[in-house]
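The values are calculated or read from the model by the stated rules, or taken from the named source; none is laboratory data. Keep in mind it's a predicted model, so treat the numbers as computed, not measured. Cβ atoms come from the backbone with ideal geometry, glycine included; neighbour counts cover every protein chain shown.
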Amino acid sequence: MYRLIAMHETRALARTWALWAILALLVFAIAFAAWSGGRSVSRQLKGAGDAASYEVGLRDRMRQETAEYEAKVKATGGPYEFATVRHAPGQGPPQGTNAGAVGAETAAYIALPPTGLAALSIGQSDIQLDYLPITMGKSLAMTANAELENPVNLLAGSFDVAFVVIFLLPIFILAMTYDLLSSERERGTLAMVLAHPVSLRKLMASKLMARAAIILLVVTGLGLVAVLAVGNYLETPETWLRFALWIIVTLVYSMFWFALAVLVNIYGQSSSTNGTILAGAWLILVVIIPTLISLVATTIYPVPSRMDLTVAAREAQTAAEKNMDKSLNAFYAEHLEYVPAGDQRAMDFMTLGQASANTIEKALSPLYAEFQARRGQQQGLVQRSQYLSPAVMMQLALNEISGTSSERYEDFLQQAAKFRTEWNDYFAERFLRQDPLRPADYDSFPAFRYQPEPFSVVLKRLAPSLSGLLILLLGVALVPLPGIRRYQVAAR
Amino acid sequence: MLEAIDLRKSYGDHAALEGLNLKVKAGDIYCLLGANGAGKTTTINLFLNFIEPTSGTAMVNGIDVTQSPLETKRYLAYIPEQVMLYGNLTGIENLEYFARLGGHAEYSAADYQSFLDRVGLQANAAHLRVRTYSKGMRQKVGVAIALAKQAKALLLDEPTSGLDPKASNEFSALLLQLRNDGAAILMATHDLFRAKETGNRIGIMKSGRLVQELSTDEVSHADVERIYLEHMH
């Protein structure tokens, strides 16, 4: 019986052209979103790769010069010296022996690798740099150039697959379901059907089953195609684990909209009333509440202006420069490459540069800490108020599954800060001791290895959003059950 | 086959049906006459369990409708004033769906076609979408559904209102066929002529009560109209 009604419903739905139009829109939107997400991820990967290989190239050249110098020293029997000054080419030790020059003038690019599903949810990755240059002297506050003033993006999001799932999928679902019972009652077919040995509950369950099967097919089908087309690391089980989670939360989110449509239908209003109520619910839950949460977050916890950080950086720099006796010193400290070959003051300039960088970092750190704290508070508020809207829960869940959540980024920043200290210490120490770098040392430079978070951490962070969605679904789905008995089949 | 015992239905203070006692045996065509709001549709809805009685019992084939609503619906066929079908399915697809809903999955495509032939649906119409059907065509599909369901009792709610005389006449002929096959038919109607012509028994209802029962072979057309109007004043 369930099968018979479900098959019948599928056939009737398949002959409704409006649904095909919405489905086509959905397919087109997902295709475009996946393409754009895939492009942004591959641009990120390419950017990180290009930047890293450029810097590696610089160091290779320095190493090459050092190797030639070492060979020459071995042949002539002279001492292996530290390049305190920039020598004319071919004369004296090369810059590559100077740890300060290597550590500050070349950067180590460290990258937060995207997860296999990164292309499906851009999250905040378009405003957070996924690769950072780490150099000696420069603080992370200067380089981790996250756009701190755009928490709206967390809620509104960019046009990615997550956006399509959160905004458009409910519309497709509601278009199929808003008149689940009301249209049959209005057309009079409900009485015809219920004159047969079928209960209303069974009829409704079958109608829902047909629609749920369509959604299951659409979601897994489109999701699978999107992952195969623009996903990464398809050979690792983690990607498929993430994809399974993606399917689960998307289906739970879909079921919520089905349940809401049933809840509204069971009160026996007309199709147009049901449609209006559901459209209003969509507007409130998907658009208005997320916007309000974002507004409240930015009002209660305003992040200091980005300009303040820049101004503070300038002021600190000016103050540091004042301590240098001449502006020429300051200029050379910043632009070592212009120090004339053979100038003995080069070493002083460099030390000054290092000192000024330290001063700037000290001056900036309270402001940077405030940025971090405010952003943390905003995100905390979003986390706590996500239960007001399934769309916010869904956004947070999809970000987490795609590895574009702010928590994962925070973890990366912490790893970056640790590595930055390691890199800085290694070169500063050798530089200040004037310990010449040998070609073999180039192999023992600190290297960044991203420590992936254990998958249990991902699951733990996903739990609040997913369980929130499940509880909401259960609540909405259970309310109509008693009402089914009272549903008016026939007019009085 | 159809039996109402002290059947009552009230909505708040308003009594839509006040203690109806009625019996329709196999081979009967029982016509319920009465003004709008007399309780004819309420009676039919009670037999279909679309509404719950305030008190009393509605029985189909000796089974209480409220006790086993799904069981009793296996014997029933329902033809409302407008037989509403799925507009974007064809006549034959609608018939097949409803036959299967009624628990009859045994028919072949040829069987469905022959049901539609028996009720006189134009041969080329079976494969057209029902959206394009006239009311008369849809009423015929309604009868075909009853045939396919092998219904023992038919509940008809003003099935001929709005049909032209020829279509109405054809419909009556179909009812007589069904009666001859042994079905019990309860029909609410305003058509006194058709009631006397087709029915063998007539019940006149007023304000939720059955005020008089007649056998059609004992009265003339003029009698039916006179008695009916007497009650309405």
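Structure summary
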{"read-out": "Of the criteria (1) within 40 Å of the chain's Cα centre (by Cα); (2) assigned to a helix (DSSP H, G or I); (3) surrounded by 20 or more Cβ atoms within 10 Å (Cβ to Cβ), which one residue A:180 fails", "value": "(2)"}
{"read-out": "Residue in the range B:23-34 that is in contact with an Asp or Glu (Cβ under 7 Å, 6 or more places away or on another chain) and either within 24 Å of residue A:193 (Cα to Cα) or surrounded by fewer than 19 Cβ atoms within 10 Å (Cβ to Cβ) (or both) present", "value": "yes"}
{"read-out": "Elements of type strands (runs of 3 or more DSSP E) in the range B:182-229, at least 2 residues being surrounded by fewer than 17 Cβ atoms within 10 Å (Cβ to Cβ)", "value": "B:209-215"}
{"read-out": "Identity of the residue in the range B:69-87, facing another protein chain (nearest Cβ under 7 Å) and hydroxyl-bearing (Ser, Thr, Tyr), that ends up farthest from the chain's Cα centre (by Cα)", "value": "B:86"}
{"read-out": "Those residues of the range A:10-45 which are within 14 Å of chain B (Cβ to nearest Cβ) and outside any loop (DSSP other than H, G, I, E, B), in sequence order", "value": "A:10, A:11, A:12, A:13, A:14, A:17, A:18, A:19, A:20"}
{"read-out": "Some residue of the range B:133-142 being within 20 Å of residue B:32 (Cβ to Cβ) and either within 16 Å of the chain's Cα centre (by Cα) or modelled with pLDDT of 95 or more (or both)", "value": "yes"}
{"read-out": "Tally, over the range A:433-469, of residues that are hydrophobic (A, V, I, L, M, F, W, C) and buried (at least 16 other Cβ atoms within 10 Å of the Cβ)", "value": "7"}
{"read-out": "Of all residues making up the range A:462-492, the number that are within 22 Å of residue A:392 (Cβ to Cβ) and without any contact (Cβ under 8 Å) to a residue 60 or more places away in the chain", "value": "5"}
{"read-out": "Segments classed as helices (runs of 4 or more DSSP H), wholly inside the range A:259-327, with at least 2 members that are surrounded by 14 or more Cβ atoms within 10 Å (Cβ to Cβ) and either among the acidic types (Asp, Glu) or modelled with pLDDT of 85 or more (or both)", "value": "A:271-282, A:289-300"}
{"read-out": "Cross-chain or 6+ apart pairs with Cβ under 9 Å, the range B:88-114 first and more than 9 Å from every other protein chain (Cβ to nearest Cβ) and of a type in the set (Asp, Glu), then surrounded by fewer than 19 Cβ atoms within 10 Å (Cβ to Cβ) and assigned to a helix (DSSP H, G or I)", "value": "B:96/B:109"}
{"read-out": "Restricting the range B:115-127 to residues that are in contact with a helix residue (DSSP H, G or I) (Cβ under 7 Å, 6 or more places away or on another chain) and in a loop (DSSP other than H, G, I, E, B), the residue that is farthest from the other protein chains (Cβ to nearest Cβ)", "value": "B:120"}
{"read-out": "Test result for residue B:41, under 21 Å from residue A:184 (Cβ atoms), modelled with pLDDT under 95 and more than 9 Å from chain A (Cβ to nearest Cβ)", "value": "no"}
{"read-out": "Pick from the range A:192-242, criterion hydrophobic (A, V, I, L, M, F, W, C) and surrounded by fewer than 14 Cβ atoms within 10 Å (Cβ to Cβ), ranking: nearest to the other protein chains (Cβ to nearest Cβ)", "value": "A:213"}
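Yes/no per residue for (1) over 20 Å from residue A:59 (Cβ atoms); (2) not small (Gly, Ala, Ser); (3) not in a helix (DSSP H, G or I):
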residue: A:418; (1), (2), (3): yes, yes, no
residue: A:422; (1), (2), (3): no, yes, no
residue: A:434; (1), (2), (3): no, yes, yes
residue: A:443; (1), (2), (3): no, yes, no
residue: A:453; (1), (2), (3): yes, yes, yes
residue: A:462; (1), (2), (3): yes, yes, no
